[in-house]
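The values are calculated or read from the model by the stated rules, or taken from the named source; none is laboratory data. None of these values were measured; they are calculated from a predicted model. Cβ sites come from the backbone with ideal geometry, for glycine too, and all protein chains shown count toward neighbours. For the accessible areas, the whole protein counts, side chains as well, though only heavy atoms, and no ligand, DNA or RNA atoms are used. Shrake-Rupley method; radii C 1.70, N 1.55, O 1.52, S 1.80 Å.
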Amino acid sequence: MIVVVTGLPRSGTSLMMQMLHAGGFPVLCDDQRPADDSNPAGYFEFEPIRRIDRDQSWLALAEGKAVKVVSPLLRYLPASQDYRLIFMARDLRETLRSQKTMLIRRGIDDGLNDSAMADHFSRHLTEIRQWIRKQDRFTVLDCDYARLVADPASGVDSVCDFLGVPLGRQAMRDVIRPELYRQRSEPEQ
Amino acid sequence: MFEPRIRIDRELHRQVEEVARQAGYSSVEEFVTHLLEKAVADARQSQSEQDVRQRLKGLGYIE
């Protein structure tokens with residue numbers, strides 16, 4: 001079994017990887033991208049995923065582990081494997097704000113318009129979910145970031161039930177720090 | 001209300017008419033509208049993919 005933690009960039013994928021790691025589930029990551037202000041607890045990323053469109057030779061290393069693959073790259077996962085996807089969902093406005101903050105921290109202005117990016121990502125999420133549903137190789141758990149932070153116990157339970165392996169639930173809950181949920185949207189009236 | 005009109009070369013129009021009929025369209029307008037809708041959707045999709053790639057690159061998720 002390969003567990004893929006996915007979602008848009010800045011939707012809580014690093015937090016989920018951190019939870020799995022804390023709970024004792026093996027994760028495939030390296031130290032190429034160290035913790036910073038955008039992800040104080042670390043990114044839990046695996047450098048070769050950045051080249052997933054042309055090199056999937058790392059896949060054998062992922063067996064029995066969790067690996068982070070952001071949703072726009074999911075289509076590059078080899079069809080030869082079955083995957084359990086933990087799909088992180090987060091309010092798109094929060095996600096975009098968080099992406100913007102991270103770009104600023106990296107000193108990058110990509111010149112892309114928020115409204116256009118919201119349309120692109122919204123369409124992408126619809127299309128990728130339709131695509132996933134058509135593939136037999138994916139089993140999916142949807143995980144809402146805001147709900148996870150608001151109710152860690154339920155979130156952790158659903159992840160453990162989904163994976164069907166004994167994990168340190170308290171340790172998983174302990175890594176969820178509401179103070180790091182920094183781009184909250186006001187609830188709509 | 002006037003509908004927008006587009007001028008095209010007479011010979012090209014003749015060929016479009018022929019292809020539209022062969023493809024089973026009920027009119028040249030229907031055929032051309034379909035082609036233009038597809039062209040616009042393709043261009044938007046391409047721009048969207050390009051923008052997403054640029055954002056992923058900026059955030060460090062792809063090379």
Residue tally, condition assigned to a helix (DSSP H, G or I), in contact with a strand residue (DSSP E or B) (Cβ under 9 Å, 6 or more places away or on another chain) and touching a residue at least 60 places away in the same chain (Cβ under 8 Å), over the range A:66-94: 2
Near pairs, Cβ below 7 angstrom, 6+ apart or cross-chain, from the range A:113-126 (under 15 Å from A:Leu74 (Cα atoms)) to any residue that is modelled with pLDDT of 95 or more and open to solvent by 30 Å² or more (accessible area, probe 1.4 Å): A:Phe121/A:Leu92
Selected residue (only one of A:Ser98, A:Ser14 is in contact (Cβ under 8 Å) with a residue 60 or more places away in the chain and either of a type in the set (Phe, Trp, Tyr) or open to solvent by less than 60 Å² (accessible area, probe 1.4 Å) (or both)): A:Ser98
Some residue of the range B:28-51 being surrounded by 13 or more Cβ atoms within 10 Å (Cβ to Cβ), touching a His at 6+ places or on another chain (Cβ under 6 Å), modelled with pLDDT under 95 and within 14 Å of chain A (Cβ to nearest Cβ): yes
Residue match in the range B:16-25 (condition: outside any helix (DSSP H, G or I), away from chain A (no Cβ under 14 Å) and of a type in the set (A, V, I, L, M)): yes
Residue check for A:Val159: open to solvent by less than 40 Å² (accessible area, probe 1.4 Å), of a type outside the set (S, T, N, Q) and either within 18 Å of the chain's Cα centre (by Cα) or under 27 Å from B:Arg55 (Cα atoms) (or both): yes
Conditions (1) more than 30 Å from A:Cys160 (Cα to Cα); (2) surrounded by 13 or more Cβ atoms within 10 Å (Cβ to Cβ); (3) more than 11 Å from chain B (Cβ to nearest Cβ); (4) not charged (D, E, K, R): number failed by A:Ala89: (1)
Residue in the range A:47-60 that is β-branched (Val, Ile, Thr), within 10 Å of the chain's Cα centre (by Cα) and outside any strand (DSSP E or B) present: no
Selected residue (criterion: modelled with the lowest pLDDT) from residues of the range A:81-90 that are under 16 Å from A:Thr139 (Cβ atoms) and not basic (Lys, Arg): A:Gln81
Test result for B:Gln54, within 14 Å of chain A (Cβ to nearest Cβ) and open to solvent by 70 Å² or more (accessible area, probe 1.4 Å): yes
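Residue-by-condition table, conditions (1) within 12 Å of another protein chain (Cβ to nearest Cβ); (2) within 23 Å of A:Pro166 (Cα to Cα); (3) open to solvent by less than 10 Å² (accessible area, probe 1.4 Å):
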residue	(1), (2), (3)
A:Leu20	no, yes, yes
A:Phe25	no, yes, no
A:Asp36	yes, no, no
A:Asp55	yes, no, no
A:Val69	yes, no, yes
A:Asp82	no, yes, no
Top-ranked residue in the range A:95-115 [being assigned to a helix (DSSP H, G or I) and in contact with a helix residue (DSSP H, G or I) (Cβ under 9 Å, 6 or more places away or on another chain); ranked as farthest from the other protein chains (Cβ to nearest Cβ)]: A:Arg97
Output for the range A:117-142, where each listed residue is within 14 Å of another protein chain (Cβ to nearest Cβ), acidic (Asp, Glu) and open to solvent by 70 Å² or more (accessible area, probe 1.4 Å): A:Asp119
